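FYI, it's all coordinate maths here, none of it is from the lab. It should be emphasised that the depicted structure is a prediction, and the values quoted were computed from it without experimental measurement. Backbone-built Cβ (ideal geometry, glycine too); neighbour counts: all protein chains shown.
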């Protein structure tokens, strides 16, 4: 580490046996203090680590020793002393500095501290609410500090990899036009133009396309993005993405460049990215794993058992098997067949969360018996075929979903993840793959209209607009999602670079030509000035760092996150504003 001018000569993670005999100056917070009567030991902590410092009245002097008797936890101090080896049997193998200590000759108390509301330790019982309320204290914990350092290192590695490949970092505006891309915008009223609003960007998507039209060719930005949507463990109202775009490229060019960049960046974190990455077609992912972001570190794959029940006396399955577009699919959760009946029955409630109206199941008990409310309807031939298809063994629990293709996939995909957690299925190391060729559209039941599966600017996988219009749900797209450990860690696609095709896509999404021009006219105008073929990608920095840190929530790798309700407990945001402030921007509360 390059030394810069500061109050200390070394960090609290720097001193080793080779420094013995040197006079050093350290700064940091008092972490732990142990008074052994004639000796006082203090663990001094800074962002880099911990060093033990000791106070001996014979060597430290009366003033320094007296000060050591008064200091308390989390007081910031500055000490000067001589590095010495710890006495035999007192080294601490858990610390990088565990073989030495600093015998203090001078101490300066830089400030005092109230007693913290929780201990500054990695393993604390404090609830997340109080940790977020006092986030500046929570950041002092070694684990949180390590997470932020890791995030900094990974971000730098990404920047370095992109810069090395001639990508240009360009900043785009945070105040822009409202162009909803599937989530609600955060709106910002204009004081100078009353009744008009900016929007905080959900992504720099349109701006980076304009940069490609402008000739930048290779762009990136570590971009803050904003979406006013419901939150969860891996989602926040404001988040950071590494935004990338390239022009004069085809899909394989973009994916190959991204693999090179990601391989270099992950390597700096000690993680190997196997290149070229596996590619899985969207429908293969859905039909096999029940999700477009599969975790393939474990099996528990979905099976289509529709044909087994064509002539079944079980009406639910037979009805689906003889209805076009309906499926009977199954999932084998090995080990769950030993569960009590009451515990299995509760899985119906879990399945309901994923869209199921019920949950049919068969428990293959370890004693060879079968427990199920539906097997009485099955013939021996149907049971034999089912056993063979599902590799059903004693101790297994086979669950079924009856729905259309996507519905059955999503139900069992949700159950697959739930059962993997419930059974504590091992998931070791990291898992990377591409999921490619998503549908161009899906049907939005609430709006009773087609919606873009990725975004409205995605290039279809065919130039035949009439074929797309004839069957929109069958249309594919030039898209690719980067999947890591069962999470969508990034997504991208090729862009429409023809104004007429862009208008046609918007019209299929329910826009009139006038409405499309009003909202996206600046883009369509730009597309008429020699727009090149282009494609790009956005990496979810928060989500990737969460997975690298081995955490369950992106809040653990963000300095100042919001709660699940979108609140900042530390600053009490969002908060009310005065009537005067509202009047200045032409608003009033009703």
What's the angle, to the nearest 10 degrees (0 to 90), between helix 142-164's Cα axis and the longest principal axis of the chain? 60 degrees
Inter-centroid distance (Cα atoms) of the stretch 178-219 relative to the stretch 277-309, Å: 36 Å
Using Cα atoms only, what is the angle between the long axis of helix 513-527 and the major principal axis of the chain, expressed in degrees (0 to 90) to the nearest 10? 60 degrees
Working from Cα positions, state the angle (0 to 90°, nearest 10) between the long axis of helix 380-390 and the longest principal axis of the chain. 40 degrees
Relative exposure of 398, 305, 585, judged by other C-beta atoms within 10 Å (fewest first): 585, 305, 398
Given the -39500 (n - 2.57) contribution per DSSP H run of 4+ residues, what per-residue ellipticity at 222 nm results for the chain, rounded to the nearest 500 deg cm²/dmol? -9000 deg cm²/dmol
For the stretch 298-426, I need the span (max minus min coordinate) of the C-alpha atoms along each principal axis, in Å, sorted largest to smallest. 37, 31, 25
Rounded, prolate or oblate (a/c below 1.5 giving rounded, otherwise prolate when a/b exceeds b/c) for the stretch 487-590 by Cα gyration tensor: oblate
Paramagnetic reach from residue 338 (point 7 Å along Cα→Cβ, amide N under 19 Å) across the stretch 378-395: 392-395
Per the Cα gyration tensor, the stretch 17-109 corresponds to an equivalent ellipsoid with semi-axes, largest first in Å, of 18, 15, 13
Of 12, 551, how do they rank once you tally other Cβ atoms within 10 Å and put the fewest first? 551, 12
I need 446, 243 ordered by Cβ neighbour count within 10 Å, fewest first. 446, 243
For the stretch 418-559, state what percent of all Cα-Cα pairs lands in each successive 10 Å bin, counting from 0 Å until the bin that includes the largest distance. 10, 31, 29, 19, 9, 1
For the stretch 388-445 and the stretch 69-102, what is the separation of their C-alpha centers, rounded to whole Å? 52 Å
Rule-of-thumb Rg ratio for the stretch 276-360 [Cα; 2.2 N^0.38 Å; N residues]: 1.27
For a quick size check, give me the Cα extents of the stretch 244-312 along its three principal axes, largest first, whole Å. 55, 33, 16
Prolate/oblate/rounded label for the stretch 151-246 (Cα gyration tensor, a/c 1.5): oblate
Counting every C-alpha pair in the chain, the percent lying more than 33 Å apart is 59 percent
For the stretch 176-219, the Cα convex hull volume per residue in Å³ comes to 87 Å³
